[in-house]
1. Grab the strands (runs of 3 or more DSSP E) fully contained in the stretch 218-274, keeping just those with 1 or more residues being modelled with pLDDT of 95 or more, of a type in the set (Gly, Ala, Ser) and under 26 Å from Thr122 (Cα atoms).
2. Which residue, of Gln115, Gln209, Gln200, Gln169, is buried (at least 18 other Cβ atoms within 10 Å of the Cβ) and either farther than 30 Å from Ala21 by Cβ or touching a strand residue (DSSP E or B) at 6+ places or on another chain (Cβ under 7 Å) (or both)?
3. Using the structure shown, decide if Lys89 is buried (at least 22 other Cβ atoms within 10 Å of the Cβ) and among the basic types (Lys, Arg).
4. Collect the residues in the stretch 3-27 that are more than 29 Å from Thr122 (Cβ to Cβ), of a type in the set (A, V, I, L, M) and surrounded by 15 or more Cβ atoms within 10 Å (Cβ to Cβ), keeping them in residue-number order.
5. Looking at the stretch 65-82, can you tell me whether even one residue there is at pLDDT below 95, surrounded by fewer than 20 Cβ atoms within 10 Å (Cβ to Cβ) and part of a helix (DSSP H, G or I)?
6. Pick from Lys234, Lys238: which is closer than 25 Å to Ile172 by Cα, surrounded by 14 or more Cβ atoms within 10 Å (Cβ to Cβ) and of a type in the set (Lys, Arg)?
Amino acid sequence: MDWKSKRIRTILEAALAEDKAAHDVTTALTIDPGLRASGTIVAKQPCIISGLGCIPVFLDIFGKMSTSPVGRFEVISHPEIFDGVKVKKGQTIAVIRHNAAAILSCERVILNLMQRMSGIATLTNDFVKAVSGTKTKVLDTRKTIPGLRALDKYAVSCGGGVNHRLDLQDGILIKNNHISLGGGLPAALEHALKGRKTGQIVQVEVRTQNELEQAIAGGAESILLDNMTPSQVKKAVKQIRAAAPKISIEASGNMNLKTVRKYALTGVDFISVGALTHSATAADLSMRITADIY
């Protein structure tokens, strides 16, 4: 993750502006503007960490937004603590040494983002562990918070998952609505294969045996088996492998931690899980702030 990129910085700027962090009236009225402090971020549950890089960027942005000089800052973390690492309950993740008012004004946006990202990374890791020992990889989807997709998908990678399409330009996936509006599966697939750019893989989502046969016959290069039972997926995998061994096979549809291994054991290459980003529970992190003289 390039935390210094314009795209990511714009997202973090918007978060601070939304919270009006530079106009924190409570802090302005109660805290000595010259007070220095240490803010210690602590894990209140076991989790996979994601989002550490946002801390210095948030603080740098705040310094430029603030009407009062806040001085230098320092973010310290143990060499063994970085994005993708599992931490224990009570473990220190990072220590911020900065102007006390700056820490207080940035505290909530830092925690909000890190809690969401760490929650996504942790849930992803649970799915990855659930399919361990198989060849199946866990994919994310485009079911992300609008505007936060880059961060959501980075968090998935921190948990050991694999990113699917970043956006609609990133790949060709013919779904049921394309099929119904494009004159049927054979027609939609034919147009996609003819019009695609070099290197673009054409994937087709199928829900029935008839659609599966049409996708294979039409030359689909990747097939997404949607909302099928494990037994149906296993049968479809066998049929696809016999007809075209090089086709990549993905399964999707209401995947959860109780069922995902059953699907992985069918022999699919990928399992996509929308819940990684649309239903992950935020990790429980907190920040303890104490006056610091140094």
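The values are calculated or read from the model by the stated rules, or taken from the named source; none is laboratory data. Given the structure is predicted, the values throughout are model-derived calculations rather than measurements. Cβ placement follows ideal geometry from the backbone for every residue including glycine, while neighbour counts extend to all protein chains displayed.
1. 248-252, 270-272
2. Answer to the selection: Gln115.
3. So Lys89 fails the test.
4. Residue satisfying the conditions is Ala22 alone.
5. Yes, because at least one residue in the stretch 65-82 is at pLDDT below 95, surrounded by fewer than 20 Cβ atoms within 10 Å (Cβ to Cβ) and part of a helix (DSSP H, G or I).
6. The match here is Lys234.
Yes or no, residue by residue, for (1) within 30 Å of Thr141 (Cα to Cα); (2) in contact with a Leu (Cβ under 8 Å, 6 or more places away or on another chain); (3) outside the structural domain of Asp140 (by TED's automatic domain parsing); (4) among the hydroxyl-bearing types (Ser, Thr, Tyr):
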site: Ser38; (1), (2), (3), (4): no, no, yes, yes
site: Leu52; (1), (2), (3), (4): yes, no, yes, no
site: Phe73; (1), (2), (3), (4): no, yes, yes, no
site: His78; (1), (2), (3), (4): no, no, yes, no
site: Gly90; (1), (2), (3), (4): no, no, yes, no
site: Ala102; (1), (2), (3), (4): no, yes, yes, no
